[in-house]
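Here is the structure we will look at.
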Amino acid sequence: MLPVIGKSQTTEGLFHAFGGSGGGFQIAPAVGECLALQICGHTPQVSLQPFSIERFRSCVHTSDKLASEFDRAAGS
Ligand SMILES: Cc1cc2nc3c(=O)[nH]c(=O)nc-3n(C[C@H](O)[C@H](O)[C@H](O)COP(=O)(O)OP(=O)(O)OC[C@H]3O[C@@H](n4cnc5c(N)ncnc54)[C@H](O)[C@@H]3O)c2cc1C
């Protein structure tokens, strides 16, 4: 339930900004600013590490709160 924002780990020149889920409009200005800085070779003030596509390479840890909300939505 966290968006993917930042550099592709496999393809030079490709940047991701997707998975905004139910809050994508609200965070769009900040996402645009951070991504623009990264594309121009600068480091955004906010770390994009938690939003990296890289996180799907290993085990994804989900908080109990999010897990229970997702399970409830899925009807289990
Ligand atoms: C009912 C609803 C209510 C919402 N309410 C809110 C709200 O109140 N506040 C809020 O902050 N967020 C809200 N959101 C979430 C917000 O709409 C999304 O997070 C945001 O639109 C995501 O933007 P995006 O540009 O990443 O993706 P999208 O808006 O999904 O844009 C992706 C685009 O890529 C196109 N596309 C897909 N595949 C391809 C392809 N292969 N080739 C070419 N084009 C392609 C699609 O047609 C689409 O135009 C709501 C979402 C829904 C569904």
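The values are calculated or read from the model by the stated rules, or taken from the named source; none is laboratory data. Just so it is clear, the structure is predicted and the values come from calculations on it, not from any experiment. For accessibility, only protein heavy atoms count, side chains too; no ligands or nucleic acids. Shrake-Rupley method; radii C 1.70, N 1.55, O 1.52, S 1.80 Å.
Just the number, please: carbon plus sulfur as a percent of the accessible area of the chain, 1.4 Å probe, no ligands or DNA/RNA counted.
Working: 3440 of 5830 Å².
On the chain, the fraction of accessible area on carbon and sulfur atoms equals 59 percent.
Probe of 1.4 angstrom, ligands and nucleic acids ignored: what's the accessible area per residue over the chain, in square angstrom? Before the final figure, lay out the partial values.
Values: 5830 Å² over 76 residues.
About 77 Å² of surface per residue is accessible.
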Prolate/oblate/rounded call for segment 4-70, Cα gyration tensor, a/c under 1.5 rounded: oblate
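Of K7, K65, which has the most accessible area and how do the rest follow, probe 1.4 Å? Mind dumping the intermediate values first?
Details: K7 110, K65 130 Å².
So the residues, ranked largest to smallest area, are K65, K7.
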Go ahead and estimate [θ] at 222 nm for the chain from helices alone: -39,500 (n - 2.57) per DSSP H run with n ≥ 4, summed, over the residue count, rounded to 500. -11000 deg cm²/dmol
Keeping all protein chains in place and using 1.4 angstrom, which order do C34, C59 fall into by accessible surface area, from largest down? C59, C34
Rounded tilt (10° steps) of 64-73 against the dominant C-alpha axis of the chain: 70 degrees
